[in-house]
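Q: My structure is below; once you've seen it, I'll send some questions.
The values are calculated or read from the model by the stated rules, or taken from the named source; none is laboratory data. What you see is a predicted model, and the numbers here were worked out from it, not measured in a lab. Note that we place each Cβ from the backbone using ideal geometry, even for glycine, and neighbour counts take in every protein chain shown. Areas reflect the complete protein model, heavy atoms only, side chains present, ligands, DNA and RNA absent. Shrake-Rupley method; radii C 1.70, N 1.55, O 1.52, S 1.80 Å.
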Amino acid sequence: MAKLLPAYIIIVLDQLSKLKMKSLYESGNFFYDSLLGGILKFKFYENPGLAFGIRIGSFGWLLFIITILITIYILYYLLTSDNLDMYESYALSLILGGAIGNLIDRGLSLFNLFGYNGVIDFIDIGIFTNTFRWPYIFNIADLSVSIGIGIFIVCSFLNSDSDELNNEKA
């Protein structure tokens, strides 16, 4: 179960950070101050859609079910695959933790529990105060999925056999 440790850590950090930000926002004590010279800001947003704010309309349930199925597949693959190296396992665990973290929020939103109106996003990054900002606000789960995908792609490239790649036909 050591393969799942990064997922557990991400889920806990993600949910605790979201609970804290939601609590601060609802109590009126939320802060919008810049940190690290304006590189990091916190902004509270409940995203009812997909990544990058893509609207899903009435397809929330479908997205929820598809996310559950993908999460189960990643978990199964992570636990049963013998040909994953340590970095690939770590990457998949990061993706799994992030997927579950956002799945929890989406489920709370769909079932109208605890006042959730979507996946909670709060991290805003950029250079300087307002000049060059990343156009999307995100959370720890999103960051975990993105980092996990990046690591997995690099590992797949580094672990690929160049002879196999040369013999492939388009």
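Q: Tell me yes or no: at least one residue of segment 119-136 is of a type in the set (Val, Ile, Thr), open to solvent by 40 Å² or more (accessible area, probe 1.4 Å), farther than 30 Å from residue 3 by Cβ and touching a Gly at 6+ places or on another chain (Cβ under 6 Å).
A: Within segment 119-136 (the criterion being of a type in the set (Val, Ile, Thr), open to solvent by 40 Å² or more (accessible area, probe 1.4 Å), farther than 30 Å from residue 3 by Cβ and touching a Gly at 6+ places or on another chain (Cβ under 6 Å)), the answer is yes, since at least one residue qualifies.
Q: Further question: Considering every residue within segment 22-36, establish whether at least one is modelled with pLDDT under 95 and closer than 30 Å to residue 157 by Cα.
A: Within segment 22-36 (the criterion being modelled with pLDDT under 95 and closer than 30 Å to residue 157 by Cα), the answer is no, since none of the residues qualifies.
Q: Report whether or not residue 95 is assigned to a helix (DSSP H, G or I), crowded, with 18+ Cβ neighbours inside 10 Å and under 14 Å from the mean Cα position of the chain (by Cα).
A: Yes: the conditions hold for residue 95.
Q: Oh, and also: Can you pull out the residues in segment 2-24 that are closer than 26 Å to residue 64 by Cα and either part of a loop (DSSP other than H, G, I, E, B) or more than 20 Å from the chain's Cα centre (by Cα) (or both)?
A: Scanning segment 2-24 gives a single hit, 23.
Q: Still on this structure, please answer the following. When you scan segment 25-48, how many residues do you find that are open to solvent by 30 Å² or more (accessible area, probe 1.4 Å) and assigned to a helix (DSSP H, G or I)?
A: Number of matching residues: 5.
Q: Starting from segment 87-114, keep only residues that are at positive phi, then list their pairs with residues that are surrounded by 19 or more Cβ atoms within 10 Å (Cβ to Cβ) whose Cβ atoms are within a distance under 9 Å, requiring at least 6 positions of separation or different chains.
A: Every condition considered, the pairs that remain are 114/22.
Q: β-branched (Val, Ile, Thr), more than 19 Å from residue 8 (Cα to Cα), at pLDDT below 95 and out of contact with any strand residue (DSSP E or B) (no Cβ under 8 Å at 6 or more places or on another chain), is that true of residue 65?
A: Against the criterion (β-branched (Val, Ile, Thr), more than 19 Å from residue 8 (Cα to Cα), at pLDDT below 95 and out of contact with any strand residue (DSSP E or B) (no Cβ under 8 Å at 6 or more places or on another chain)), residue 65 qualifies.
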